[in-house]
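Derivation of every value follows stated rules applied to the coordinates shown; laboratory data play no part. If you're wondering where the values come from, they're calculated on a predicted model, not measured in any experiment. So basically every Cβ, Gly included, is an ideal-geometry build from the backbone, and we count neighbours across all protein chains shown.
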Amino acid sequence: MTITHCPLCGHETLESRSGDYRFETPPDFVGEAVVVGDTEWFECHQCGEHILPHPLSQAIERELSRRAAFAA
């Protein structure tokens, strides 16, 4: 994934990050944060936005869907 500018603020300084990514669930969602281990993403130095590659976004969505189905 090649990103040169933050999609939120347009700033050019993005930092490549790796490790365990923690996604805080919305207040109206049942369950704690979703943690995806050993992954990569970008973070904007200017506004703090996280830019997630598609596989990481998919992993988070799968876990949220699993939790929603379990809660129903």
State, to one decimal in nm, how far the label point of Arg62 lies from the label point of Glu32, with both points 7 Å from Cα in the Cβ direction.
2.1
Dimensionless Rg/Rh of the chain, both radii on Cα and Rh by Kirkwood, sits at 1.03
Counting Lys and Arg as +1 and Asp and Glu as -1 over every other residue whose Cβ sits under 14 Å from the Cβ of Pro7, the net charge comes to -3
Amide H neighbours of Arg17 under 5 Å, counting only residues 5+ apart in sequence or on other chains, H built in-plane at 1.01 Å?
Trp41, Phe42, Glu43
Enumerate the amide H contacts of Thr25 below 5 Å, restricted to partners 5 or more residues apart or on another chain; note that Pro and chain-start residues carry no placed amide H.
Ala33, Val34
